[in-house]
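Notes to accompany the following structure.
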Amino acid sequence: MKLTRLFKEFFQSEQAGGILLIFCTLGSLFLSNSFLRGPYLAIWQFQITGHPIGFWINDGLMAIFFLLIGLELEREIRLGELSKLKVALLPIAAAVGGMVVPASLYFAFNVGKPTQSGAGIPMATDIAFAIAVLSLVGSRVPSSLKVLLTALAVIDDLGAIIVIAIFYAGPLSWTSLGMAAFMMVILMILNRMNVYSLLPYIIVGAVMWYFMLKSGVHPTITGVLLAVAIPFRDGGEKSPSSILQHVLHKPVAFLILPLFALANTCIAMESHWFTNLGQPAGMGIMSGLIFGKPLGVFVFSIGAVLLGICSLPTELKWKHVLGIGFLGGIGFTMSIFITLLAFDHPDEINQSKMAVLLASLISAIAGFSWLKMTLPHRLPDQPDDWLQG
């Protein structure tokens, strides 16, 4: 199977970025529970124009992460692995199962409780972490498995973005929302007028981010909306969309996501932290990510194939799809992001973060071990009918 250069670049940057995320998370947890805890926590509370650094990372820089996700999703839909409906339906079915089943398990543990609002936490898959773990399996990983995991994770993130926009919006300011919509209209006019310079889009996008922040809708949604407005043209290397995607790959993988990990995993682990995982939120998150993800991905994929909606790649077996399901349980970035939106109380946030981290670790070990055991030692030299459409 021949992979596009942009897909390879995306996969490789996410792979290296995921490994860096692991070190950042471990380092942050260590510093948060050492004698340097006070100074380290103070860093993220340092005020810049009236807001702590953590705010600028979570509400500002993460909008750029969402912009990259939006650009990648558009490329996959127009030219990539999601451009052919028959090909796209397998990762779509897997992603839907990987969102519905974990959210349902969480809801079962938390229905009628104050933590019910966290049902979106176990829905998403962390692209960088999942790809990094898959890369540890080595050259035995077939291209179609890489594509399936990446497509599933991107669709999961799209689902998480929709959930954030619908369910985690605060009290709405219709004036600010109207101004944000007006900025979007300007962006689309620029697109229709064939304005290919990126600067006007970035300037108007920044203004839209400001009004979105004031509107009550989470401002990171601006990144996805801006991605829609950036001219795609033929998708070639000189198109504005491709240029911006190239520019953003490394800053997102090696700066924005590591900063997010550092700022949001500075968790003080008290002596009773493990027992807190038995609380409804912790049980919902862990059951959703560890069991709900592989179950949903596996069952919905089999269902889609049995119904004749799509087919399984010739070089893959169902046991490999189950392995992808385990890796889908690595929630991390998006799960922590939704945690910050779902809860206000620091204890609930920290307990949920610990549940996400532990569940992601267990899912990573399970996925790696399962794929290491089930993937063939030598890849079959045969065409992949699924990816040829």
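Some points to look at:
- For the range 58-142, the alpha carbon convex hull comes to 146 Å³ per residue, rounded to a whole number.
- At a probe radius of 1.4 angstrom, the accessible area of the chain per residue rounds to 43 square angstrom.
- Other residues with beta-carbon under 14 Å from the beta-carbon of H345 carry, at +1 per Lys or Arg and -1 per Asp or Glu, a net charge of -1.
- Here the chain has 69 percent of its accessible surface on carbon and sulfur atoms, given a 1.4 Å probe and all protein chains in place.
- Ordering F274, F55, F109 by accessible surface, largest first, gives F274, F109, F55; the 1.4 Å probe counts only protein heavy atoms, with every chain in place.
- Gain on full extension, evaluated as 0.36 nm per residue between I189 and W56 minus their Cα-Cα distance, stands at 45.0 nm.
- Efficiency of FRET between T374 and D347 - r from beta-carbon atoms, R0 25 angstrom, step 0.05: 0.05
- Anisotropy class of the range 107-164 from Cα gyration tensor, a/c 1.5 cut: prolate
- Per-residue accessible area (protein heavy atoms, 1.4 Å probe) orders W209, W318, W174 as W174, W318, W209, starting from the largest.
- Alpha-carbon centroids, the range 141-172 and the range 24-57: separation in whole Å: 28
- Backbone HN-Hα couplings from phi across the range 276-283 [Karplus 6.51/-1.76/1.60, Hz, Gly and Pro as x]: 5, 5, x, 5, x, 5, x, 5
- A helix-only calculation puts the chain at -22000 deg cm²/dmol for mean residue ellipticity at 222 nm, using -39500 (n - 2.57) for each DSSP H run of at least four residues, averaged over all residues.
- Given R0 = 22 Å, the distance between the Cβ atoms of A206 and I166 translates into a calculated FRET efficiency of 0.35.
- Radius 12 Å from Cβ of S363, net charge of other residues (Lys, Arg +1; Asp, Glu -1): 0
- If the segment from I77 to I243 were pulled out straight at 0.36 nm per residue, it would be longer than the present Cα-Cα gap by 58.0 nm.
The values are calculated or read from the model by the stated rules, or taken from the named source; none is laboratory data. This structure is a prediction, so every number in the text was calculated from the model and none was measured. So basically every Cβ, Gly included, is an ideal-geometry build from the backbone, and we count neighbours across all protein chains shown. These area figures cover heavy atoms from the full protein model, side chains too; ligands, DNA and RNA do not enter into them. Shrake-Rupley method; radii C 1.70, N 1.55, O 1.52, S 1.80 Å.
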